Amino acid sequence: MNMLNLTVHAMLALPLVVLAANNLLAKQTARKIALYVCAAVAFFQIASSVTLFVMYTRYGITHYDFNIFDPGQVSADYFSVNRLDLFLMVCIGIVVFVSVMLALETIKDHKRSYVNLLMCLLLGMNGMVMATDLFSLYVFLEIVGITSFVMIAMFRSKVGLEGSFKYLVVSSLGIVLLLSGLALIFMQTGTLDFKAIGESLLDTQDSSRRALTYSAVVLMISGFAVKAGAVPFHSWLPDAHQSADTAVSVLLSGIVIKIAGIYGLIVVLDLFGSLEAVRIIYQVIGLVSTITGAVLAARQHHFKRIAAYSSVSQMGYIILALSSGTTLGVVGAAAHIFSHAIFKSTLFSNAAAIHEEVGVLDVTKLGGLEKKMPITAFSSVIAFLSTAGVPPFCGFWSKLLIVIALWKSGDTVWAGAALAASIFTAVYFLRLQRKVFFGKLADGMQDVREAKNSIGFIEAALTAVTVGAGLLFPFALQYLQTAGII
Amino acid sequence: MNAVFELLSTGHNLLLFTVGLPVIFAFAVWAAGKKDILRTAVTAVAGIVNLIFGCALYFAKAEIADTVKMTGFGLDIDILTDEFSALFIFLTAAAFSVIGIYCSAWLNSKKYAGLFMFYLFISLAMINGAFMCDSLGAMLFFWEGLLCTLFGMLLINNRENYKSAVKALTLSGIADLLMMLGIIITAYIGGSSNMSGLSGLEVKGAGIAGFACLMLGALGKSGCMPFHSWIPEAAGSAPAAFMAAFPGALEKLLGIYLGVRVMTQIYSVESGSAASIAVMTLGAVTLVCAVAMALIQKDMKKLLSYHAVSQVGYMVLGLGSALPVGIAGALFHMLNNVIYKSALFMIAGFMEKKLGTTDLRSFSGLFKKMPVTAVCFTVCGFSIAGVPGFNGFFSKELIFDAALESHCKLNYLFYALALVGAFMTAVSFLKMGRGAFSGKEQLPEKVKTADEKGLLLKLPIIVMSALCVVFGIFNSVAVDGWFACATGAEEKLGGWPHSALLVIISVCVLLLALADHIYGCKKTGKPINAADHIHYAPVLKQIYSAAEKGRFDPYNWINGIAQGFSFVCVKIEQGVSFVYDRAIPGIVKKTGDMLHRSDNGSLSRYLAGVLLGVAVAAVILLSKVL
């Protein structure tokens, strides 16, 4: 148990240590090594989370409770880590790693600030998945949120500031909604501990108390939906993602919206899942997001904006998976979080590569880059196929899980709708691919070269993960089955 | 061997080593690409490794039955290798180890060598998989995989002229579709989709459709009519290595394997029943029509490809008789055909490499330049013509016997047709052999000299030719040993044929063929034109000319029907495409524009959106709760 204890503590402590060291070290030294240290932290998180996951399954551990303030007092456990948390932390680690790899090339100034903020973000996200009460959840959510605002704005471009400001305003509204929801719950129970709320609140016959609970549920779902960027709470998302540096957009699109938004929705589902209305709200939000996001994505001209709307659409998928309310649905959602993290990271890496080498991201001005940037084009095509759910890539399996989960829970219509929505995914990505990589080489692109160093590396690595995870997915499913999860 | 069998004895390992390993080797040969020596070495090693597995599986004489779980949702593969399927895995491995080396050597200095060999190994994996599957659905998966590699191999080097590839895909695809239908019907009436769970279904009611579809699908794969016509067309453009491997060997093995399973295990077919007669008729028609077309061909590869179809006719005739002797004959003829037909295609490929053409009109009298090839050709030619003592003779005699013994009134007709086939086979091979190797030496115009260097090309041909003789002498090893598990025959069928009369008739037919050949030579002056008097005989001339124009080609019929059908469809299509091309994209685009305008960057709208969402969520909740 010592190793387990040490590791989970390290996941919260390491970002803080790196943050401190980054600011204590001489500026020159920090500039040189800080990014590599971040990559190491991310790698540590991936490796240790995978190890712990296997260990949990081997020894039959379902969750591990701990606290960081007063060891010795058993009753005061503020954090808990279960297997879903570990899986999400793997995803967090991967996207942070990708972001660092892109930052190595794209970020020239403000390296130190980037590292500071990245570590705060990592701490916030890890804290969110580990928290055991709604208030801690809210605190870490704020860490994630505020860090994101600064990260979008810190390069002091006009669009960056505008995007960040919009995010700030809309997100504040979301936070207000969330906090009001928490307040309504706190009014009744006097605590926000997960264990103490949920079923007990719904059991009561007192109609005014029930009304309070229902309002709280609606407010909380709305709050988290703003963070997840689900339609109609999504409008801040494309602006924010487009205006940020690519190393930042990959974080936002790849993981932040999932941890800050989707994870929150998972918590709400955990607590109030017995209320049928919650599932129906999820279904509606999910399907509307899936379709609207895709339709809007097909309409855009900016590479990153297309990717951002695609995120909206994919978040819809994940919410739809959650709406089944079953374990299989949550597993499907988690699997899609993973595949989405991978393929969206790939696409943003492609965006970074094109931005670095060509300088424009307007798809109408690009064309025929396939010959000049073979790795970028290839990885982009693989990511597209995975997004569209073509076997054997990992996107196919996670979508399949989602459809099966919906089917099994009796929502056959929604399962069919989820399948049909896949066609829209194909539409906007085919358009993107065709405009950027195929056809005639656009003017002035004769001297374009392949992405350099770490961007090229991360593109290849992510493609390998997409293919590899897809091929190994049947085994992963079997593993989950033997582990008794699904 | 036992240790290897132990290793294979779980379903997982079996799949891994017989399907997974060829796939890995496929990537290895692809990587080797144009490095000729490396590629051939990898091919040889892979062939031997696969042969070791095949031997271990067959000679251990034990069944492996297992279920391999693929995912958590019932996508399992049921594996069953009984003696019969193990035999086919072994035979395929043996044929592949020889043909693979020839293919690799033939592809030397070709640009597409790596890709071709890649497809060939994937095909091996698919065939092994198909043999091992107990569940018909999983078998169909591997079966379709083979269709993909077939299409790929025909497309290689032929990107501009993809017609024959499309033709192959269409015809094989229809055959596969029929088989899929057959599987569905059979599984429905049999109550199981596993071969082990289906036995002795009756051919009546829906069973007729199930049996017919399954048989057509299986035999269509091996090139039986009416799914044959892509083979001669492919012969014109595909590499000779492809012809040796696919129509020559692998497809025959797979098609006959399933044919025998359907005839003897899944359905119970009595000799003399309607089903039996139907299959025999299919066989007889195939064998006569195809060999008649072979007779008039003047190109080695084309001539051989028609024979590849015609020989299937013999197998189907034997199979259709539903008698042990017929099934033994069909299986033995399949084995022999794999041996001599792949050898003949290899010889054609070898000569193409040396002379640049396989058109028999452009060369003759090559015996002195290519003695080994000539001898091998003679041996294989004797085998296919059924000269007593060679392997083809024994299998043909078994099939003749089966045709006569079948309990139907048409038995003499079937026997007579089989004899006509034998006659024309002998005539066409006399023509081809004498045309190519005897007489005055003549080389194609652009070729200065010819030799027969190239050990790796010659060796597989020699091995196969030697096997013709070996299986002629030791025919009972195969007939009474290997195939006994399928025929269930009690008496010995191997050895010298029992009926002296039949042998005498067969010999007379051969002598008649020789006489006809000599007559033809005298009349036209050249061995190559020796069959012209048949070609240009009254009535036959018109039939042949129609056949040459493709009037009898089912593919053209399909195309013709399709054209009429498509005219009707065009009108429907235009309506539908309006919906797809204009209406739906229009709606989507308009919606997109509308949504896009609403996301105009105005913060107040964004906030309004959020509030709208809250309201919607509240309404949903209220409507559920109240």
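The table below lists the values:
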item: Within region A:76-167, chymotrypsin sites (Phe, Trp or Tyr not before Pro) in DSSP loop having at most 12 other beta-carbon neighbours inside 10 Å; result: none
item: Region A:40-198, dipole about Cα centre (Lys/Arg Cβ +1, Asp/Glu Cβ -1), debye to the nearest 20; result: 500 debye
item: Reachable lysines, given that their alpha-carbon falls under 17 Å from the alpha-carbon of B:Lys526 and they are not under 8 places away in the same chain; result: B:Lys298, B:Lys431, B:Lys440
item: log₁₀ of I(q)/I(0) at q = 0.12, 0.18, 0.24, 0.25 Å⁻¹ - region B:376-452, Debye sum with one point per alpha carbon; result: -0.48, -0.79, -1.08, -1.12
item: Shape call, region A:88-219: gyration tensor on alpha carbons, a/c limit 1.5; result: prolate
item: As computed over chain A, the Cα convex hull volume per residue (Å³); result: 135 Å³
item: Long pairs among A:Lys111/A:Lys372; B:Lys302/B:Lys396; B:Lys446/B:Lys523; B:Lys302/B:Lys409; B:Lys167/B:Lys302; A:Lys304/A:Lys365, criterion Cα-Cα beyond 25 Å; result: A:Lys111/A:Lys372; B:Lys446/B:Lys523; B:Lys302/B:Lys409
item: Over chain B: helical MRE at 222 nm, DSSP H runs n ≥ 4 each giving -39500 (n - 2.57), nearest 500; result: -23000 deg cm²/dmol
item: Average beta carbon contacts from partner chains per residue of A:231-243, 10 Å cutoff; result: 4
item: Residues A:His234, B:His228 arranged by fewest to most Cβ contacts within 10 Å; result: B:His228, A:His234
item: Around A:Val358: net Lys/Arg minus Asp/Glu count, Cβ-Cβ under 11 Å; result: -1
item: Debye, to nearest 20: dipole size of chain A, +1 on Lys, Arg Cβ, -1 on Asp, Glu Cβ; result: 1260 debye
item: Around A:Val381: net Lys/Arg minus Asp/Glu count, Cβ-Cβ under 13 Å; result: -1
item: DSSP-assigned coil residues among chymotrypsin sites (Phe, Trp or Tyr not before Pro) in region B:157-244, each with at most 15 further Cβ atoms within 10 Å; result: B:Tyr162
item: Peptides ranked, highest mean first, by Cβ atoms within 10 Å: ranges B:555-561, A:216-222, B:457-463; result: A:216-222, B:457-463, B:555-561
item: Cβ-based exposure ranking for B:Val279, A:Val150, A:Val250, in which fewest neighbours within 10 Å come first; result: A:Val150, B:Val279, A:Val250
item: Distance violations [Cα-Cα > 26 Å] among B:Lys453/B:Lys522; A:Lys371/B:Lys589; A:Lys344/A:Lys452; result: B:Lys453/B:Lys522; A:Lys371/B:Lys589
item: Straight-distance crosslink candidates among aspartates and glutamates, where the alpha carbon sits under 15 Å from B:Lys341 and sequence neighbours closer than 8 are dropped; result: B:Glu251
item: Chain B: C-alpha pair distances exceeding 42 Å, %; result: 28 percent
item: Summed residue charge, Cβ within 12 Å of A:His336's Cβ, Lys/Arg positive, Asp/Glu negative; result: +3
item: Under Karplus coefficients 6.51, -1.76 and 1.60, residue-wise ³J(HN,Hα) of region B:201-214 in Hz, glycine/proline x; result: 5, 8, 8, 7, x, 5, x, 4, 4, x, 5, 4, 5, 4
item: Kirkwood Rh, angstrom, region B:554-625 [1 / mean 1/r, Cα pairs]; result: 16.9 Å
item: Segments A:345-353, B:45-53 sorted - mean Cβ within 10 Å per residue, highest first; result: A:345-353, B:45-53
item: For chain B: relative contact order, % (alpha-carbon pairs under 8 angstrom, 6 or more apart); result: 11 percent
item: Column: log10 I(q)/I(0), Debye, Cα scatterers of region A:277-486, q = 0.07, 0.11, 0.18 Å⁻¹; result: -0.22, -0.52, -1.16
item: For A:205-214, mean number of other protein chain Cβ atoms within 10 Å; result: 1
item: Order of A:Thr376, B:Thr170, B:Thr67 - criterion: other Cβ atoms within 10 Å of each residue's Cβ, fewest first; result: B:Thr67, B:Thr170, A:Thr376
item: Shape parameters for region A:220-273, alpha-carbon atoms, Rg then Dmax in Å; result: 11.8, 38
item: Size of charge dipole - the protein assembly as shown - debye, nearest 20, with Cβ of Lys, Arg +1 and Asp, Glu -1, no other charges; result: 3600 debye
item: Whole-number D in µm² s⁻¹ for region B:1-134, Kirkwood Cα-pair radius fed into Stokes-Einstein, 10 °C, 1.306 mPa s; result: 106 µm²/s
item: Burial ranking of peptide ranges B:351-359, A:413-421 (average Cβ count within 10 Å, highest at the top); result: B:351-359, A:413-421
item: 222 nm mean residue ellipticity, helices alone, for chain A (DSSP H n ≥ 4; -39,500 (n - 2.57); rounded to 500); result: -25500 deg cm²/dmol
item: Lys/Arg +1, Asp/Glu -1 at C-beta; chain B dipole; positive extreme among B:Gly318, B:Ser598, B:Leu366; result: B:Leu366
item: Principal axis dimensions, region B:269-542 - Cα atoms, whole angstrom, descending; result: 59, 46, 29
item: Paramagnetic reach from B:Ser476 in region B:486-515 [backbone N under 20 Å; point 7 Å along Cα→Cβ]; result: B:486-503
item: Viscosity 1.306 mPa s, 10 °C: Kirkwood-radius Stokes-Einstein D of region A:237-345 over Cα pairs, µm²/s; result: 114 µm²/s
item: Solvent-free Debye scattering, log10 I(q)/I(0), computed from the Cα coordinates of the protein assembly as shown at q = 0.06 Å⁻¹; result: -0.60
item: Where Rh is the Kirkwood radius over Cα pairs, Rg/Rh for region A:99-157; result: 1.06
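Where a number appears in this text, it was derived from the coordinates with a stated rule and is not lab data. This structure is a prediction, so every number in the text was calculated from the model and none was measured. Cβ: placed from backbone, ideal geometry, glycine included. Neighbour counts: every protein chain shown.
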